[in-house]
Structures are given as structure tokens and as C-alpha cells.
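Enquirer: Attaching a single structure in C-alpha cells format; questions to follow.
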């Protein structure tokens, strides 16, 4: 079956512009995670969605970052007024949910964001 | 807070050599521990996991044992192959929380023929 898909695969933008990154999780997976992989910070958790529960936004680095998940499926990560330090690979993962730590997270290929 | 520390790379080995990548963690409660692998040009994949103390995770010839007394989860393989060249990430997840993963910095392994 299809895995986690993300689009676009690459995004180049100018400083100050807004960007939207999309994640399509595996069908039937109720848990969805966003992570960021950058040279300076390694792999960092950003935000977590589980079903209809309030998301865990504790990893978002600033109020320029937001995310939503419509209909419990597709998720969009939005970065407003991008800065050069936002340049990174943004990874999405999904899992069956429930006992979160015991369910394998399946990762998408990532979106490489470059802010000029 | 929770954190993971991995040995710095890159690690360069000859084919059939023995591999150890060290990983130690700091955590409240009883986390689950994972090794993820990222092959060149591919996404992150789960390699193995252990959910409680003394559990041994294994896959593709790789093994790691959850050691609570030393807060470690070292990755080992008896005989590496060129195809094992990749970046390896140690991670933990607190089962009482959301399942979000906290990763180490990653260790690049290069295996030469």
C-alpha cells in the first residue's frame, strides 16, 4: 500500500514569504507527527495530532509556525514570514495511534525547504 | 528533560568488521527505545525497538539491548556490509506521553569494500 507522502519534495522561497507543506498519512493512521531535520539542530519534534484531540504543539519553534489536520487525514504545516534559519528538511510521520510509543511511526520522504 | 546522546561519526569500517554505535539516554519514567536508519536518498525507517528494560531488539543482523542500569541502547552488528552505509539515529519515546520521538544527533556509517 501507499506510504506517507509529502509535497512538495523541494521548496525554495525568499525570506519573508509564507510556505505551506503538505503531508498525506497512511490510510487508517490516526496519529500524525511533524519533525524538522536541520544541520544545526538534528531531528526535532514539532507537532502531534491524534484523532480529534487537541494537538500537541510543544515543539513548534515560534508563532510563525502552525499546522492543521483536516478531517483527520491530510495535514498542512504553514510557516509564515520565513527566515533563513527555517531552512531544513521537514518530515511527516504517521502511526496507528492509541498506545503512541508502541506503534511504529512511518516517515515520509520529507520536504526540503530552502529560504534564500 | 528527555534526551539522547549518540557517538559522533562518521564511522568508517571495512566490510565484515564489527560495528558498535553507542547511545545513552536521559528520561523520566520508562521510555521505549528505537534505532532508525536513513539510507542515502531515502526516508527514515525503523530498524529495531525495545519497549522495556533487558529487551533486545533485532533486525537485519543488527541488535540493541535496553540497559536501564547504564541508560544505554548500543547498536551492534557482527559483520557489516557495504549496503549498511547509512545514517543511524537512536531515539526514545515516553509511553505516557504522545509517542513523540526524541532523537540523537545521528551517526554516519560508511562501509568500504
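The values are calculated or read from the model by the stated rules, or taken from the named source; none is laboratory data. Please read these numbers as outputs of a predicted model, since none were measured by experiment. When we count neighbours, we look across all protein chains shown, and the Cβ atoms used for this are built from the backbone with ideal geometry, even at glycine.
Enquirer: Considering only segment B:14-39, how many residues are touching a residue at least 60 places away in the same chain (Cβ under 8 Å), surrounded by fewer than 17 Cβ atoms within 10 Å (Cβ to Cβ) and not in a loop (DSSP other than H, G, I, E, B)?
Expert: Qualifying residue count for the region: 1.
Enquirer: Give segment B:71-90 a look and list any residue that's more than 8 Å from chain A (Cβ to nearest Cβ), assigned to a strand (DSSP E or B) and closer than 15 Å to residue B:4 by Cβ, or say none.
Expert: The answer is B:72, B:75, B:87, B:88, B:90.
Enquirer: Quick check on this structure: which one of A:49, A:65, A:106 is at pLDDT below 95 and surrounded by fewer than 21 Cβ atoms within 10 Å (Cβ to Cβ)?
Expert: Numbers: A:49 fails: surrounded by fewer than 21 Cβ atoms within 10 Å (Cβ to Cβ); A:65 fails: at pLDDT below 95.
None of the others qualify; the one that does is A:106.
One line per residue, one yes/no per condition, for (1) modelled with pLDDT of 95 or more; (2) surrounded by fewer than 22 Cβ atoms within 10 Å (Cβ to Cβ); (3) closer than 22 Å to residue B:89 by Cα:
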| site | (1), (2), (3) |
| --- | --- |
| A:43 | no, no, yes |
| A:56 | no, yes, no |
| A:72 | no, yes, no |
| A:76 | yes, yes, no |
| A:89 | yes, yes, yes |
| A:102 | no, yes, yes |
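Enquirer: Taking the stated definitions as given, is residue B:42 at the interface with another protein chain (Cβ under 8 Å from one of its Cβ atoms) and assigned to a loop (DSSP other than H, G, I, E, B)?
Expert: Answer is yes for this residue.
Enquirer: Here's another thing I want to ask about it. Within segment B:94-113, how many residues turn out to be within 20 Å of residue A:38 (Cα to Cα) and either surrounded by fewer than 20 Cβ atoms within 10 Å (Cβ to Cβ) or within 14 Å of chain A (Cβ to nearest Cβ) (or both)?
Expert: Total meeting the criteria: 9.
Enquirer: Shifting gears a bit: Filter segment A:10-30 for residues that are at pLDDT below 95 and either surrounded by fewer than 17 Cβ atoms within 10 Å (Cβ to Cβ) or touching a helix residue (DSSP H, G or I) at 6+ places or on another chain (Cβ under 6 Å) (or both) and give the result.
Expert: A:27, A:28
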